[in-house]
Amino acid sequence: MDAARREAAEELGAELGKLNLFGLYTNLKGKNTDHIVVFSCDTFTFTGKTDWEIERFDLFPIDKLPPDVSPGSKQRINEFADRDDPPIVGTW
């Protein structure tokens, strides 16, 4: 969780409230294996000051996402909106 807080602070100037484990995913496609840990956070503040890794960002209502959201991200967002269960473990 410390890494998630640090990344949010460095990349968006965000200070996160309580973090909850949402899911742990593995991407086995391609020559590299990726492990993705997703947290949810209900409260946060941010300055919007980005570092060199972030070109731009915006906030959207969960039911009005941009059309170019990646399939994996869209799936995670849908799972979050529909979820009442413990953290999810699966493939990205």
> Which ones in the range 3-56 are more than 13 Å from the chain's Cα centre (by Cα) and of a type in the set (Phe, Trp, Tyr)?
Replying inline: Phe44, Phe46, Trp52
>> Looking only at the range 58-84, count every residue that is modelled with pLDDT of 90 or more and closer than 14 Å to Ile36 by Cβ and tell me the total.
In response: 0
> Out of all the residues in the range 38-50, is one or more closer than 17 Å to Ile88 by Cβ, in contact with a Gly (Cβ under 7 Å, 6 or more places away or on another chain) and aliphatic (A, V, I, L, M)?
Replying inline: yes
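Does Val38 fit the bill of being surrounded by fewer than 10 Cβ atoms within 10 Å (Cβ to Cβ) and under 11 Å from Phe22 (Cα atoms)?
no
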>> I'd like the full set of residues that are closer than 16 Å to Asp58 by Cα and not aliphatic (A, V, I, L, M), limited to the range 2-14.
In response: Glu11, Gly13
> Which one of these is surrounded by 13 or more Cβ atoms within 10 Å (Cβ to Cβ) and among the aliphatic types (A, V, I, L, M): Ile77, Ile62?
Replying inline: Ile77
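The values are calculated or read from the model by the stated rules, or taken from the named source; none is laboratory data. Because the structure is predicted, anything quoted here is derived from the model rather than measured. No Cβ is skipped: glycine too gets one built from the backbone with ideal geometry, and neighbour counts run over all protein chains shown.
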